[in-house]
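The values are calculated or read from the model by the stated rules, or taken from the named source; none is laboratory data. Just so it is clear, the model here is predicted, and its values are computed rather than measured. Methodologically, a virtual Cβ is constructed for each residue, glycine included, from the backbone with ideal geometry; neighbour enumeration extends over all protein chains shown.
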Amino acid sequence: MASHPDDPASAQALNGVLAPDVRILSSDVAAEGFDARRDARSRSYRYRVEVAPVASPFERGRALHSRTPLDRAVLDACAASLLGRHDFTAFTKAQSEHSHFERTIARSEWAEEENGGVLAFWIEADSFLRHMVRALVGTMLFAAGPNEGDAVWFKSLLDGRPRSEAADTAPPHGLFLESVSY
């Protein structure tokens, strides 16, 4: 869903000004004052990670490749710790325009995709901070890899710890906006 202040426009006209990987399927008049971003009740994202010794050419640009095996139990424990309301200061840019960092997570889970070899992290929240999902994924992958992090360390970051204590932000090419609820 998108919103704009002018008169209604056809989907074809809107698609003419969008990047080729974003498409409008239909366009309708919304209630006066509607804002697609601010009126959303929740958003769902999926981040895809291909875990394999050799990257598949079919996943290029669609999933982060990890040649290192990941501890699935640690990933699951990290995801479970996200449920509820937490302070996500550790999972957004250090220099942020946000004034509050608490968010409520309604869904957080890792699942294997049907094609095999790809793990997907699913998360739904009332709202997200800039780079939050990618920072969460990068930190969970660090915790589940051959590093010194673990699920207990990950959970401790949800108490408003500084960004410098979390791991690197995962790259953008595995992230997909799945849905927005109004």
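Please work out which residue is surrounded by the most Cβ atoms within 10 Å (Cβ to Cβ), limiting yourself to segment 104-122 and to residues that are touching a Lys or Arg at 6+ places or on another chain (Cβ under 6 Å) and closer than 17 Å to residue 49 by Cβ.
Going through the qualifying residues, I end up with 118.
Out of the residues in segment 139-165 that are in a helix (DSSP H, G or I) and touching a Phe, Trp or Tyr at 6+ places or on another chain (Cβ under 7 Å), which is surrounded by the most Cβ atoms within 10 Å (Cβ to Cβ)?
Selected residue: 140.
Here's a check for you: in segment 166-182, which residue that is crowded, with 17+ Cβ neighbours inside 10 Å and without any contact (Cβ under 8 Å) to a residue 40 or more places away in the chain is farthest from the chain's Cα centre (by Cα)?
167
Quick one: which of 56, 127, 42, 99 is surrounded by fewer than 19 Cβ atoms within 10 Å (Cβ to Cβ), among the polar types (S, T, N, Q) and closer than 19 Å to residue 164 by Cα?
The match here is 99.
Looking at segment 3-51, which of the residues that are within 20 Å of the chain's Cα centre (by Cα), part of a loop (DSSP other than H, G, I, E, B) and closer than 17 Å to residue 127 by Cβ is modelled with the highest pLDDT?
Selected residue: 41.
Looking at segment 144-172 only, could you name the residues that are touching a Leu at 6+ places or on another chain (Cβ under 8 Å) and modelled with pLDDT of 95 or more? If you could, list the steps in order and put the result at the bottom.
In the first step, residues of segment 144-172 are kept if they are touching a Leu at 6+ places or on another chain (Cβ under 8 Å); the result is 144-145, 158, 165-167, 170-171.
Within segment 144-172, 144, 158, 165, 166, 167, 170, 171 meet the criteria.
Confirm whether residue 117 is touching a residue at least 24 places away in the same chain (Cβ under 8 Å) and on the phi > 0 side of the Ramachandran plot.
Taking the combined requirement at face value, the residue satisfies it.
Given the criteria at pLDDT below 95 and of a type in the set (A, V, I, L, M, F, W, C), does residue 121 qualify?
Here the answer is no, as residue 121 does not meet what is asked.
Any residue in segment 53-67 that is assigned to a helix (DSSP H, G or I) sitting within a Cβ distance under 6 Å of a residue that is surrounded by 10 or more Cβ atoms within 10 Å (Cβ to Cβ)? List the pairs, counting only those 6 or more apart or interchain.
Taking only residues 6 or more apart or on different chains, the pairs are 59/50.
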